[in-house]
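The values are calculated or read from the model by the stated rules, or taken from the named source; none is laboratory data. Here the structure is a predicted model, which means the values were calculated and not measured. Heads up, the Cβs are rebuilt from the backbone with ideal geometry, glycines too, and the neighbour counts pull from every protein chain shown. Remember, those area values only see protein heavy atoms, side chains included, never the ligands or the DNA or RNA. Shrake-Rupley method; radii C 1.70, N 1.55, O 1.52, S 1.80 Å.
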Amino acid sequence: MSLYKLKFLNKINVIQTLHFSTLLHQFLEPRIPPIIEQRKIGRELANLLQSPHIPCCKKIHSKIVVFGFHKHDIFLVNTLLHAYSKLNLVNHANKLFDTMSHKNLVTWSSMVSMYTHHSHCLEALMLFVQFMRSCNEKPNEYILASVVRACTQFGGLNPALQIHGLVVKGGYVQDVYVCTSLIDFYTKHACIDDARLLFDGLQVKTSFTWTTIIAGYSKQGRSQVSLKLFDQMKEGHVCPDKYVLSSVLSACLMLKFLEGGKQIHCYVLRSGIVMDVSMVNGFIDFYFKCHKVQLGRKLFDRMVDKNVVSWTTVIAGCMQNSFHRDALDLFVEMARMGWNPDAFGCTSVLNSCGSLVALEKGRQVHAYAIKVNIDNDDFVKNGLIDMYAKCDSLTDARKVFNLMAAIDLVSYNAMIEGYSRQDKLCEALDLFREMRLSLSSPTLLIFVSLLGVSASLYHLELSNQIHGLIIKYGVSLDEFAGSALIDVYSKCSRVGDARLVFEEIQDKDIVVWTAMFSGYTQQSENEESLKLYKCLQMSRLKPNEFTFAAVITAASNIASLRHGQQFHNQVIKMGFDDDPFVANTLVDMYAKSGSIEEAHKAFISTNWKDTACWNSMIATYAQHGEAEKALQVFEDMIMEGLKPNYVTFVGVLSACSHTGLLDLGFDHFDSMSQFGIEPGIEHYVCMVSLLGRAGKLYEAKEFIEKMPIKQAAVVWRSLLSACRVSGNVELGTYAAEMAISCNPADSGSYVLLSNIFASKGMWVNVRRLREKMDISGVVKEPGCSWIEVNNEIHKFIAKDTAHRDSAPISLVLDNLLLQIKGFGYMANTDNKQCYTSSQLKSPEILTTPQLLSTVRQLRDSASHPLPLLLPKENVNQDDDDKGFPKDRILGYIHDKRNGVVTSNNTDYFSVNPRASISVSQIVQEKLDFPKVTLKMLILESSYGSQDYIHFLFHRYLKASANENCNEMKLGSEQISLRLENVPSELNCNAKVTEPDTT
């Protein structure tokens, strides 16, 4: 029974199978169905083509052909064209379009839109021309919008203008889609004004229209207009989308308008706009590029959904703001959380590895790049070259460079920059020649790299050749190349050529100005640097911290306290007073101007002090003989956890040398090895000076001979100076011979030895030494001094008579010399060199540049009392005026309140707030001036008040003991004063009161 049932069921299954196959054959058999059924099938096929996920476009195409829809159903064929476009099957769409017997506006629009969408702009334009020639219909708004976008891609202005004419002719000037496309075209082709005309003429504007015009203004650098348009958009109650917000944020970024970006962020939060990942990434990028690292990092940490762009943005932001350690930590955390950093992220972290000189970390990033197969990316390879070069691993950098299949200009620049950083000129030039032979035109950055190595080697000829190549290649001289040329010409002592380059640059940024300031300062053209700063103020560019460091150094070099104080005020106003570079220059400026207290105030007011700042304060106290304070600052520096460097110990040993702290000096000298510092020539000079001041001349000689480094002339000259003080002729002669053998052109050694011979009366040796100087062509540099009076700098040279006021200045100085003789002073002529007996008796040898400068200021302050700022001079310690007590003259006039400190062959003088000569001093301090001095005061006070002249004339009468004299003659000047004009209260017996001299 069971077997029978099984056979019956099997028979039924076979019959059913045959019946289904017959039905399927009948359904697939090509036959024309009825009209209703055909329309139903067409709708089903159209729905399949319009679905988000098209199953199989080619099979549907075959059904359309089989059923004959391609001959009469234009809607279905247009839908098929659109489907091919969505699937990037442009060739199939072309074939279908060519086989179509009937085409309408939608067909042409679909094809033009497809070509434009796939960046086939030329084909789109050619198809539009074919449409205009073969079709009787006028183009609609969709075709025109697509053609305008094709013109935007093609970049042709004439085709777009013709299309614009068709838009006007067809009456589509108010169509928002067509006009938005035209606005986009004009903004991308620098016709922003034409775009604005179209925009203002539109009555209806979509958010995309606003985005287009706002982004256009931002790209043209007119970010302020973009922000104004954004305000108008909000007033028009148009809700901005993320693209508008991104454009406005870019405008704020270009303007460095941090508050504007914060306002946009607040607007987004207040309006309840949902911020997706891309919008948050935009805000993170904005905050990092505005140097608000904490805000950007806080926003990143609060993100719930992060993508690779989020991680890459924050890593790049940390790198750009020099938070390199944070960038490395974020990169490690990103990989630990399962994200795969892309090429851009690897490039950023490689830059951080190079900045930190973290070679091992860089190698790990290199290994990761190989593992994920992004090591062939050009950005990654260039980043690897740069990282290895910064880590002083040029061998690995060259290996990466040689493995590159296609070496571009960026790769050449990275490799040349690596060689230039290590001053490997030959390798850099060889690679530069190889690049030129490969027919690659060098970029401006390559020229900048070569100029950098040329500047570090002071190679003028190479710099001229590079400058010539820049001109030959027609490379525009921008700020980077201009500042590099200014730097190299300045370092090669061609500051005039540097100024020509400076004037040639059209758009100067603050870097170019700062390079010129630094060039003038390096070449001691300090006055020119200060004059140039006035031009900077006229240009309305804001100086940065490096600019202030350069100009304050210029003011320091000429001891112009007035300029230094003005710069200090501007530094405080602009918020650069915490910058370590500015703080260092301020401390140095006040120190060289003698204002130690102001230098200390500038030092303690700095919140963040680096090693250089501490070094400046130590050197300040050391130069002014404040050894205890200098050593205390050194101890404070160690307590702060800062490691002293080479310069630190120069200041410490100099302080010990100036005060004769022999044992302490050797203790600090021996402790240098504990900090990993090898003593240099400056340290040995300080130790020799220390031994010499202690009278241990032969120990100093032995110390020099045991030096582990090459002996220099300055070391022997330090011993020679000590021998001059002690009068040791034998050892001084030996030290001078050794110094001259090290540097035959050193005039200081000759003069010091000549002074030793002269002090012992060895005039024959003096003459022989002078003759040797003449034969060798050694010329002694004359002493020079300068002082600023009434906004004018006056310069004096020893025995100078070229100054326009030299005659009256000499007259006042002669009177001062007459007065100090009353104190029993006699000129020290023991060390004068080969003067005649008449010259030794003459006071002309005492007319030093410093005294000339001081007297010049004294003349100008005779009737207008001002604080007397004593001058700066470059007189060496071996000059002929060292035996002359200049402070006694100045102290006599100014109540002995002027401080003089000598250090490093340069005299620095402090400011005496009471240092002025006025009637009050003559009356209250009862200073009895000789007649000739009173005559000089009357002559120089001819522009003063009448009471003041009467008073001086009365004192002259009293000094001359000639009460009947009613006039006097001063040189060629005649000043007549009648006794009847003298006020009664100023007679000889009356009590003298100070007249009004304001």
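What to note about this one:
- Pairs linking a residue in region 165-182 that is free of Cβ contacts under 8 Å to residues at least 60 places away in the same chain and among the basic types (Lys, Arg) to a residue that is assigned to a helix (DSSP H, G or I) and open to solvent by 30 Å² or more (accessible area, probe 1.4 Å), with Cβ atoms under 6 Å and 6 or more positions apart or on different chains, do not occur.
- Scanning region 496-507 for residues that are closer than 20 Å to LEU445 by Cβ and either outside any helix (DSSP H, G or I) or open to solvent by less than 40 Å² (accessible area, probe 1.4 Å) (or both) yields VAL501, ILE505, GLN506, ASP507.
- Extreme residue, farthest from LEU445 (Cα to Cα), among residues of region 376-425 that are of a type in the set (S, T, N, Q), touching a helix residue (DSSP H, G or I) at 6+ places or on another chain (Cβ under 8 Å) and not in a helix (DSSP H, G or I): SER393
- Residue within region 250-265 that is at pLDDT 85 or above and acidic (Asp, Glu) present: yes
- Listed conditions (1) open to solvent by 40 Å² or more (accessible area, probe 1.4 Å); (2) of a type in the set (Asp, Glu); (3) closer than 26 Å to VAL106 by Cα; (4) modelled with pLDDT of 80 or more are all met by ASP184, apart from (1).
- Restricting ALA591, ALA583, ALA599, ALA619 to those that are touching a residue at least 40 places away in the same chain (Cβ under 8 Å), touching a helix residue (DSSP H, G or I) at 6+ places or on another chain (Cβ under 6 Å) and either within 23 Å of GLY641 (Cα to Cα) or part of a helix (DSSP H, G or I) (or both) reduces the list to ALA591.
- Some residue of region 508-517 being open to solvent by less than 50 Å² (accessible area, probe 1.4 Å) and polar (S, T, N, Q): yes
- For ASP805: the one exception among (1) at pLDDT below 80; (2) of a type outside the set (Ser, Thr, Tyr); (3) buried (at least 21 other Cβ atoms within 10 Å of the Cβ); (4) over 40 Å from the mean Cα position of the chain (by Cα): (3)
- Residue under evaluation TYR698, criteria (1) aromatic (Phe, Trp, Tyr); (2) open to solvent by 60 Å² or more (accessible area, probe 1.4 Å); (3) within 40 Å of the chain's Cα centre (by Cα), criterion not met: (3)
- Residues that are assigned to a helix (DSSP H, G or I) and modelled with pLDDT of 75 or more are absent from region 831-843 altogether.
- Count of residues meeting criterion [open to solvent by less than 60 Å² (accessible area, probe 1.4 Å) and in contact with a helix residue (DSSP H, G or I) (Cβ under 9 Å, 6 or more places away or on another chain)] in region 250-284: 21
- Restricting LEU350, LEU330, LEU295 to those that are modelled with pLDDT of 90 or more, open to solvent by 10 Å² or more (accessible area, probe 1.4 Å) and hydrophobic (A, V, I, L, M, F, W, C) reduces the list to LEU295.
- Check on SER493, on the phi > 0 side of the Ramachandran plot and either free of Cβ contacts under 8 Å to residues at least 40 places away in the same chain or open to solvent by 50 Å² or more (accessible area, probe 1.4 Å) (or both): yes
- Residue match in region 364-377 (condition: under 30 Å from VAL332 (Cα atoms), touching a residue at least 12 places away in the same chain (Cβ under 8 Å), among the β-branched types (Val, Ile, Thr) and open to solvent by 60 Å² or more (accessible area, probe 1.4 Å)): no
- Apart from one condition, ASP509 fits all of (1) modelled with pLDDT of 90 or more; (2) of a type outside the set (S, T, N, Q); (3) in contact with an Asp or Glu (Cβ under 7 Å, 6 or more places away or on another chain); the exception is (1).
- Taken over region 230-249, the residue count meeting the criterion of being in a helix (DSSP H, G or I) and either of a type in the set (Lys, Arg) or open to solvent by less than 80 Å² (accessible area, probe 1.4 Å) (or both) is 11.
- In the set (1) free of Cβ contacts under 8 Å to residues at least 24 places away in the same chain; (2) open to solvent by 60 Å² or more (accessible area, probe 1.4 Å); (3) more than 44 Å from the chain's Cα centre (by Cα), THR733 fails one condition alone, (2).
- All positions within region 199-215 that are in contact (Cβ under 8 Å) with a residue 24 or more places away in the chain and not in a loop (DSSP other than H, G, I, E, B): GLY201, SER207, PHE208, THR209, TRP210, THR211, THR212, ILE213, ILE214, ALA215
- When region 760-802 is filtered for residues that are open to solvent by less than 80 Å² (accessible area, probe 1.4 Å), within 30 Å of ALA554 (Cβ to Cβ) and polar (S, T, N, Q), only SER785 remains.
- Residues satisfying the stated conditions in region 656-694, i.e. more than 19 Å from TYR621 (Cα to Cα), of a type in the set (Phe, Trp, Tyr) and either crowded, with 17+ Cβ neighbours inside 10 Å or touching a strand residue (DSSP E or B) at 6+ places or on another chain (Cβ under 9 Å) (or both): TYR684
- Note on region 397-452: residues that are open to solvent by 70 Å² or more (accessible area, probe 1.4 Å) and among the β-branched types (Val, Ile, Thr) amount to 1.
- Search result, residues across region 670-710 that are within 22 Å of GLY727 (Cβ to Cβ), small (Gly, Ala, Ser) and outside any helix (DSSP H, G or I): ALA694, GLY695
- Residues satisfying the stated conditions in region 711-735, i.e. over 22 Å from PRO679 (Cα atoms) and in a loop (DSSP other than H, G, I, E, B): GLY727, ASN728
Okay, residues lined up against (1) acidic (Asp, Glu); (2) out of contact with any Asp or Glu (no Cβ under 8 Å at 6 or more places or on another chain); (3) in a loop (DSSP other than H, G, I, E, B); (4) under 27 Å from MET687 (Cα atoms):
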position	(1), (2), (3), (4)
GLU737	yes, yes, no, yes
SER741	no, yes, no, yes
GLY748	no, no, no, yes
VAL751	no, no, no, yes
LEU769	no, yes, no, no
VAL778	no, no, yes, no
PRO782	no, yes, yes, no
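- Top-ranked residue in region 192-219 [being of a type in the set (S, T, N, Q) and crowded, with 16+ Cβ neighbours inside 10 Å; ranked as farthest from CYS179 (Cα to Cα)]: SER218
- Inter-residue pairs, beta-carbon under 9 Å, first in contact (Cβ under 8 Å) with a residue 24 or more places away in the chain and within 11 Å of SER247 (Cβ to Cβ) and in region 219-237, second open to solvent by 100 Å² or more (accessible area, probe 1.4 Å) and assigned to a helix (DSSP H, G or I), 6+ apart: LYS219/LYS188; SER223/MET254; SER226/MET254
- Set SER441, SER463: member being at negative phi, assigned to a loop (DSSP other than H, G, I, E, B) and free of Cβ contacts under 8 Å to residues at least 40 places away in the same chain: SER441
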